Amino acid sequence: MRTNFETSADSTRSLPFFSLRAMRPERKLAAGAIFSLCAAVLSRPDPAIGACFFGVLLLCCSGLPLRKTASRLLSVNAFLLPFWLLLPPSPVPGGETLFSLGPLDFHRAGFETALLICLKANAAACALTALAGTSTVAENGRALHELHVPDKMTALLLITHANLGLMAREYGRLFQAARLRGFVPGASPAACRVYARLIGLLLVRSWHKSRRVEQAMLLRGFRGRFPLIPSRCSCPPEIRRRNRRAASLLFLSCCFAGITLVVWDVMI
Amino acid sequence: MHISEGVLSVPVLAGGAVLSLPALGWSLKRLPWDHIMSTGILSAAFFAASLIHIPIGPGSVHLILNGLLGAVLGTAAFPAIAAALFLQSLLFSFGGPTTLGVNVCIMAWPAVICGGLCRPFFRPGRASWALAAFICGAGAVLLSALLCALALTLSGDTFSSAARIIFLAHLPVMLIEGFLSVGIIGYLRRSLPELLSGAHSADKL
């Protein structure tokens, strides 16, 4: 089970001319959301290739570690594999058959739909990894606050993330203890009973932990609101100004690229 | 169970956002600040539990546990699931901002419906708790799989067979979740019944 729940932001390399890591996370998040929205409405492969190219360009500029990024994109594409397997043999009325394999006819329309999905999903994944992945989850949470997402939602997101690694490690310990007592993972009724107890125990422990944290917060004067500390760059003012200008430029480029692709898609 | 970016048509994406955003806003309004910490920590525990892979034959299935989440958190399951899906998109690039509405719809509505309907049966002394627990766990996965298949089918005729196969692929998960829910709720009834009473969720306020 995973126990590392952080983006690759801390291992981002700054390129000599450009640093996505130093830019304001709210602008990056907004740019990523607008670009993803534009990519989602594309209905033809040519603009989708353009969107994918722009996404890869952003990823190249992000300076994120290659191996981690490649493995993330691989897992995104693993989720798309069912569409590659299921769409081409799906019957299309009046559709052109490319080839037959036993009783299955593989249609051109199915391949085109699978390709379009793959391009759009990769374009959005590349752009979001480059833009949101170059900020930590805490920075992204604060960015949501800046983008006027309700405070409760932001607080819930940050608390969930802060405790996620802890809970995964707790489950890991419980699972290890069960394995030491001879538990063999599987889907048998006996194994299901053990899984149920492990998950039940995890919930009980998380409940007790939440009670303790709530009491500690009350003792420290909690009055029903979490103050979200605004993110401040500690760099000199001229670098801060340059970063702000670069973030604005990036935001405008993403919006421009997205709108251009949508117009291209409509005009074909 | 979530749908990747780029798969669904624009009307389906818009419909998902329309069905989930008001419910999300309403449940956030009902959720008191005092319960944010317990909701956050419990949703982290559910997120961690949903990463468990149970080996079946040569492959494995991962748990969803949305029915159980609905039974424990009540309507707070909406923001808890939205937070988990947003974290998934940040940490693993699964899903994204455009599919967030549809994915919240697919996961959270069944959680709140099944959890809300079955929770009264989990009180101490109720004989039919085991059946209710099975229905809560399996029913939420069944409804989620149906909604997922519906979203795909509404996105185009080419997706109809893919939707059918995705629905059928979730049937073993449904059975496993049903049996696991019986075990988990039985354990919680014995060791921490207040977790199933809804006392900490927004529903009793």
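Looking at this structure, is B:Ala127 part of a loop (DSSP other than H, G, I, E, B), hydrophobic (A, V, I, L, M, F, W, C) and farther than 20 Å from B:Ala169 by Cβ? Yes: the conditions hold for B:Ala127. The residue of region A:51-79 that is farthest from the other protein chains (Cβ to nearest Cβ), among those that are surrounded by fewer than 21 Cβ atoms within 10 Å (Cβ to Cβ) and not in a helix (DSSP H, G or I), is A:Gly63. On the basis of being surrounded by 16 or more Cβ atoms within 10 Å (Cβ to Cβ) and at the interface with another protein chain (Cβ under 8 Å from one of its Cβ atoms), does A:Ala109 make the cut? Considered against the rule, which asks whether it is surrounded by 16 or more Cβ atoms within 10 Å (Cβ to Cβ) and at the interface with another protein chain (Cβ under 8 Å from one of its Cβ atoms), A:Ala109 comes out as yes. The condition of being in a helix (DSSP H, G or I), within 14 Å of chain A (Cβ to nearest Cβ) and of a type in the set (Ser, Thr, Tyr) holds for only one of B:Thr75, B:Thr98, that being B:Thr75.
Within region A:139-165, being within 21 Å of B:Ala45 (Cα to Cα) and among the small types (Gly, Ala, Ser) holds for A:Gly141, A:Ala155, A:Ala162, A:Gly165.
Examine region A:174-183 for a residue that is of a type in the set (D, E, K, R) and either in contact (Cβ under 8 Å) with a residue 12 or more places away in the chain or assigned to a helix (DSSP H, G or I) (or both), and state whether such a residue exists. First the steps, then the outcome.
Taking region A:174-183 as the starting set, the residues that turn out to be of a type in the set (D, E, K, R) are A:179, A:181.
Next cut, either in contact (Cβ under 8 Å) with a residue 12 or more places away in the chain or assigned to a helix (DSSP H, G or I) (or both) only: A:179.
Yes, the conditions are met somewhere in region A:174-183.
Among the conditions (1) over 15 Å from the mean Cα position of the chain (by Cα); (2) part of a helix (DSSP H, G or I); (3) closer than 14 Å to A:Ala196 by Cα, the only one that B:Leu68 does not satisfy is (1). Considering B:Ile176, B:Ile166, the condition of being more than 21 Å from B:Leu73 (Cβ to Cβ) and touching a residue at least 60 places away in the same chain (Cβ under 8 Å) is satisfied by B:Ile176 alone. On the basis of being farther than 30 Å from A:Ala40 by Cβ, free of Cβ contacts under 8 Å to residues at least 24 places away in the same chain and under 14 Å from the mean Cα position of the chain (by Cα), does B:Ala127 make the cut? For B:Ala127, the condition - farther than 30 Å from A:Ala40 by Cβ, free of Cβ contacts under 8 Å to residues at least 24 places away in the same chain and under 14 Å from the mean Cα position of the chain (by Cα) - is not met. Of A:Leu166, A:Leu180, A:Leu156, all but one fail to be outside the structural domain of A:Ala138 (by TED's automatic domain parsing) and either surrounded by 22 or more Cβ atoms within 10 Å (Cβ to Cβ) or in contact with a Leu (Cβ under 9 Å, 6 or more places away or on another chain) (or both); the exception is A:Leu156. For region B:50-68, the count of residues that are of a type in the set (A, V, I, L, M) and more than 14 Å from every other protein chain (Cβ to nearest Cβ) is zero.
Residues that are hydrophobic (A, V, I, L, M, F, W, C), touching a helix residue (DSSP H, G or I) at 6+ places or on another chain (Cβ under 6 Å) and closer than 14 Å to B:Asn66 by Cα within region B:112-131 comprise B:Val112, B:Cys114, B:Cys118, listed in sequence order. No other residue among B:Leu117, B:Leu91 is assigned to a helix (DSSP H, G or I), surrounded by fewer than 22 Cβ atoms within 10 Å (Cβ to Cβ) and away from chain A (no Cβ under 14 Å) apart from B:Leu117. All of (1) closer than 18 Å to A:Phe79 by Cβ; (2) surrounded by fewer than 17 Cβ atoms within 10 Å (Cβ to Cβ) hold for B:Ser191 with one exception: (1).
Quick check: anything in region A:133-145 in a helix (DSSP H, G or I), among the acidic types (Asp, Glu), at the interface with chain B (Cβ under 10 Å from one of its Cβ atoms) and surrounded by 15 or more Cβ atoms within 10 Å (Cβ to Cβ)?
No, the conditions are met nowhere in region A:133-145.
Any residue at all in region B:27-44 that is in a loop (DSSP other than H, G, I, E, B) and surrounded by fewer than 22 Cβ atoms within 10 Å (Cβ to Cβ)?
Initially, region B:27-44 is screened for residues in a loop (DSSP other than H, G, I, E, B), giving B:31-32.
The next check asks that each one be surrounded by fewer than 22 Cβ atoms within 10 Å (Cβ to Cβ); those that pass are B:32.
Yes, there is a match, as at least one residue in region B:27-44 is in a loop (DSSP other than H, G, I, E, B) and surrounded by fewer than 22 Cβ atoms within 10 Å (Cβ to Cβ).
All of B:Val104, B:Val112 fail the test of being closer than 22 Å to A:Ala162 by Cβ and within 14 Å of the chain's Cα centre (by Cα), apart from B:Val104. Only one entry in B:Ala71, B:Ala48, B:Ala83, B:Ala17 is more than 23 Å from A:Phe5 (Cβ to Cβ) and surrounded by 24 or more Cβ atoms within 10 Å (Cβ to Cβ), namely B:Ala71.
If I filter region A:58-108 down to residues being of a type in the set (Gly, Ala, Ser) and at pLDDT below 85, which single residue comes out as farthest from A:Ser19 (Cα to Cα)? Give the derivation first.
Just the residues of region A:58-108 that are of a type in the set (Gly, Ala, Ser), to begin with: A:62-63, A:70-71, A:75, A:78, A:90, A:94-95, A:100, A:102.
Remaining after also requiring at pLDDT below 85: A:62-63, A:90, A:94-95, A:100, A:102.
Numbers: A:Ser62: 7, A:Gly63: 8, A:Ser90: 45, A:Gly94: 51, A:Gly95: 48, A:Ser100: 50, A:Gly102: 53 Å.
Only one residue tops the list, namely A:Gly102.
Put simply, of A:Pro189, A:Pro185 the only residue that is more than 21 Å from B:Leu68 (Cα to Cα), of a type outside the set (A, V, I, L, M) and out of contact with any Gly (no Cβ under 6 Å at 6 or more places or on another chain) is A:Pro185.
The values are calculated or read from the model by the stated rules, or taken from the named source; none is laboratory data. What you see is a predicted model, and the numbers here were worked out from it, not measured in a lab. With ideal geometry, Cβ positions are generated from the backbone for all residues, glycine too; neighbour counts draw on all protein chains shown.
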